[in-house]
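In what follows, a structure is listed as structure tokens, so that the remarks can point back to it.
Readers should treat all values here as calculations from the given coordinates under stated rules, not as data from a laboratory. Quick caveat, the model's predicted, so the values are computed rather than measured. Note: ideal-geometry Cβ built from the backbone for every residue, glycine included; neighbour counts use all protein chains shown.
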């Protein structure tokens, strides 16, 4: 199984390299077009500039500007605090509308990876696809865990076999009855968010101290139904995908 997993990771890294494009914008700026997709199914782009002996990487304001233009305001105190919490988890800073991170030649791969993860996480966490959605899905999950007396640690980070650090929303510790459980809330459960979570899971599952660690994906199905191919893909990787409307089915399992 280790050899099979390693081949999957090698194929994924090779695919990223083959699908990444570079464009010189002048004034020492390089545009990097990645195969990662945003919610519009457009390729995520980051911009690199050499600063002294290091590098600055930024989204040039794309993520926050796109959310604002889509009607998702981040001007409330709670949302601003949550934004900073998410960014801090990836080591990313906010400069007005821009998300940015600084890197050296040695840690560039991990910093680039962290910026892309932060862009996807902010977009996924804050985007409200319909006006009637009154609260963020992440907040809904936190509230449900609390009222269900489920012990958890939020915003955890694990280093995978590739050396990259991956953030997960919650970890429920091992108990006498249940193994360690990692819980990820997915606001917009589509193919790209599923693939991103699968890479994180494959890269970290064998590094966990508890060999029986399980991943549970909570999928927001309150706006649109979950596509069958997304559910099937989770099942193929032995990940328990639970629609939010069926969350009570795992209450006892998580609380144990």
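What the Cα convex hull of the range 45-107 gives, in volume per residue, is 84 Å³.
If the chain linking residue 248 and residue 49 were pulled fully straight, counting 0.36 nm for each residue of separation and taking away their Cα-Cα distance, it would gain 66.8 nm. Normalised radius of gyration (Cα atoms, divided by 2.2 N^0.38 Å) for the range 16-126: 1.05. Based on Cα contacts under 8 Å between residues 6+ apart, the chain shows a relative contact order of 13 percent. Across the range 159-186, the residues whose backbone nitrogen lies under 17 Å from the label position 7 Å along the beta-carbon direction of residue 255 are 172-173, 175-178.
Shape index of the range 137-255: Rg/Rh, with Rg the Cα radius of gyration and Rh the Kirkwood radius from the inverse mean 1/r over Cα pairs, equals 0.93. Per residue, the convex hull spanned by the Cα atoms of the chain amounts to 136 cubic angstrom. Take every pair of alpha-carbon atoms less than 8 Å apart whose residues are at least six positions apart; their mean separation over the length of the range 137-255 yields a relative contact order of 24 percent.
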